[in-house]
Amino acid sequence: MHQPGRRIPHRIRRRTPRRLTTAVALAAALAAAPLAAAGPAIAATGVPATGVPATGVPATGAPAAATSATTPANAPGHPGNPAPPVPVFTEDFEHGQGAAPSTLTGYTGAPPVAETYTADPAWLSGCNGYLVSGGTTATDPPGSGCGPTAWAEVKKLAGALGTWAGSDPATNHAVTAYTQGDPGAGKVQLQTVGPIPLTDTGRFLTFSVDVAAENCFAAHPLLSFFLLDGDRALPTSTAPIDACAHPQSTVGGIGVGTYSSNGSVLFDGSSAGIRLVNDQASGDGNDGAFDNVRLLDATPQLDVGLSPSSVPVGAPATLTFTVTNTDELAAKDGWSFTAQLPAGLSLADGSTTDCGGGTLTAGPGGALAVSGDLAAGQASCVVTAHVTSLTPGSYQVCGANITDRVGLDAPGCAAVTFTAPLFDARANAADVVSPLAGVGPLVPSSHSCVIAPGTDSHSLLTASLGVLGSLGALSSDASGTVAADGTRTAAAHASIANVSLLGGLITADALTTQASAAVAVTANGPGGVTLAGDATFTGLRIAGVTLPVHPAPNTTIALPLVGSVVLNEHVTLSGGRGITVNALHVTLLTGVHLTLSTSTAALPTGPATCPAV
């Protein structure tokens, strides 16, 4: 029987967790081994005999009774900030307990699970496998193998865990062990009998537990957790828990702490079991207790971002997928998802990631397949891609766009708006501005101050301008178009036949104008605006003189005692983003202005500058 001996000082030593490597052969062997037989020592597989302190499980506060909970999704919107894992099942060994001790195999947990437990016989005899508290009866049960001194020590172990958890040490119960012989390595110290139901699949599961250890000058208890999936035992850590080597605190000389696995299992089953194995073979020491066994959903959170919030068509926006670990920072290997880009949004060149084994593969129809790993100790990782659109508008990537999601919680939404110049296309056949009264504009057409493509056109057989003259067939059209390469073009046309003005002073068989403004889309967004415009005259005569079909822009002719006329008048608008072309602009000495066959085309940058002037 072990008696309390000298104590060595406890020092908190922290080790950087390493990447989980699942030993499939080991897991199968452990699952298949009967509890009564000594299973293979885990240390034989190369797993170090050290422990890893918990990094995210609260060290204070009384845990809840044994429960199995529906796993809620972690809240998106905090990329890079790990949140605590969500308890799926918690056993505090308090259901139905009082001052009398009980055995592990005689205990039943709280409903609705009402879990029962078993262990290897070596951990159910020789002062092992008793549920006690600091206030348990002073005398050990007959046949316990403890004796008065060892029985007092197991009560101290349970009380120390109560103090650590912030509960009453006199009433806090724990599973204790004060070994009276060599148990052998790799023996099961606790295993669930019934399945723990799970409500979700494709989740990362891991464990945490409160552990106490004493007599650390001798052999240390070495505890390893396994997740049971039917006949398979899946390891969740690369290092057993060693509360002697890594105490988070001491209570009455007893090392205590809350410890989490540094690995996890991506679990697809509908129910799970828990196995706790002690890798320590020696009974010289190996004295401790455990409490508050927790099966945790440690599924990372996926967040999506798009930046900047507004970008010109053709230019790239940054699409960011952030995978944020839970705050125990266990390894999470093998998560994946497919993101479906909304119609009109496409993948541009360039993608990067700092996720272990991270990949992004573009599929048909805007599908992006993404996968990767989180290493132990890694708070988050990021997959970055660039997207663009030739079509202006707002685009969202939300949780509904994420399919085939494995091992991740769904994200919220991210949005980006692609902007483009507005169309401003206008045309009319004639317009009279007079100090007294005006006429027109006649047959106006307009596709103006809109972002979407479209057309407008009008015509008239004849028109009278009163004393100013008469016009034959009149027509106009205005349009905005977008080419397959994203080039945006605003265009306008106007024409008049059989023109007679000022008693025949000015006549023409036909007047036609056209104007256009075009902008090509580049990898950095829309480029500069290209303007074009011209007037065409058929049979133009002024004061009996025949004039060219294409006179030079802004050709001015004086009309003695009448006024003046400008042929092929060009007016630049909005600092070079638009143009107006008038076939004829007649100015009379009386202050009357008459313009014929007017076409305007512009591409303003926004509503504040439209219509262009």
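Summary table below
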| quantity | calculated |
| --- | --- |
| Label-point separation, Ala170 to Thr555 (7 Å along Cα→Cβ), nm | 11.4 nm |
| Nearest-20 debye value, the stretch 175-242 charge dipole, Cβ charges on Lys, Arg, Asp, Glu | 120 debye |
| Prolate/oblate/rounded call for the stretch 230-279, Cα gyration tensor, a/c under 1.5 rounded | prolate |
| Total charge dipole magnitude, the chain, about the Cα centre, Cβ charges on Lys, Arg, Asp, Glu only, Debye to nearest 20 | 900 debye |
| Dipole axis of the stretch 460-613 (+1 Lys, Arg; -1 Asp, Glu on Cβ), positive-most option in Thr462, Ser564, Thr513 | Ser564 |
| Ranked packing of 249-256, 76-83, most packed first, by mean Cβ within 10 Å | 249-256, 76-83 |
| R0 of 51 Å, Cβ-Cβ distance Thr361-His593: FRET efficiency to nearest 0.05 | 0.20 |
| Overall form of the chain per C-alpha gyration tensor (a/c, 1.5; a/b vs b/c) | prolate |
| Relative contact order of the stretch 479-580, defined on C-alpha pairs under 8 angstrom at six or more residues apart (%) | 20 percent |
| Anisotropy class of the stretch 179-316 from Cα gyration tensor, a/c 1.5 cut | prolate |
| Residue (of Phe321, Ser264, Pro76) at the positive-pole extreme of the chain, dipole from beta-carbon charges | Phe321 |
| Principal-axis tilt of helix 147-165 within the chain, Cα atoms, nearest 10 degrees | 20 degrees |
| Value of relative contact order over the chain, rounded to a whole percent, pairs C-alpha under 8 Å and six or more apart | 12 percent |
| Dipole magnitude of the stretch 198-277, debye to nearest 20 (Cβ charges: Lys/Arg +1, Asp/Glu -1, about Cα centre) | 40 debye |
| Cβ-defined net charge surrounding Arg426, 15 Å radius [Lys, Arg +1; Asp, Glu -1] | -3 |
| Positive minus negative residues near Ile451 (Lys, Arg vs Asp, Glu; Cβ under 13 Å) | 0 |
| Difference of contour (0.36 nm per residue) and Cα-Cα distance, Ala114 to Asp284 | 57.7 nm |
| Helical mean residue ellipticity (222 nm; -39500 (n - 2.57) per DSSP H run of 4+; nearest 500) of the chain | -1500 deg cm²/dmol |
| In Å², nearest 10: area of Lys155 left accessible to a 1.4 Å probe | 40 Å² |
| Area accessible to solvent at Cys413, 1.4 Å probe radius, in Å² | 80 Å² |
| Environment charge of Gly186, counting only residues whose C-beta is closer than 14 Å and scoring Lys/Arg +1, Asp/Glu -1 | -1 |
| Whole-Hz ³J(HN,Hα) from phi, Karplus 6.51 cos²θ - 1.76 cosθ + 1.60, for the stretch 91-97, glycine and proline x | 10, 10, 6, 10, 5, x, 8 |
| Residue among Tyr117, Gly288, Pro548 farthest towards the positive dipole end of the chain, charges placed on Cβ | Pro548 |
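The values are calculated or read from the model by the stated rules, or taken from the named source; none is laboratory data. Treat the numbers as computed from the prediction; the structure is a model and nothing was measured. Every residue, glycine among them, receives a Cβ derived from its backbone with ideal geometry; neighbour counts consider all protein chains shown. Areas reflect the complete protein model, heavy atoms only, side chains present, ligands, DNA and RNA absent. Shrake-Rupley method; radii C 1.70, N 1.55, O 1.52, S 1.80 Å.
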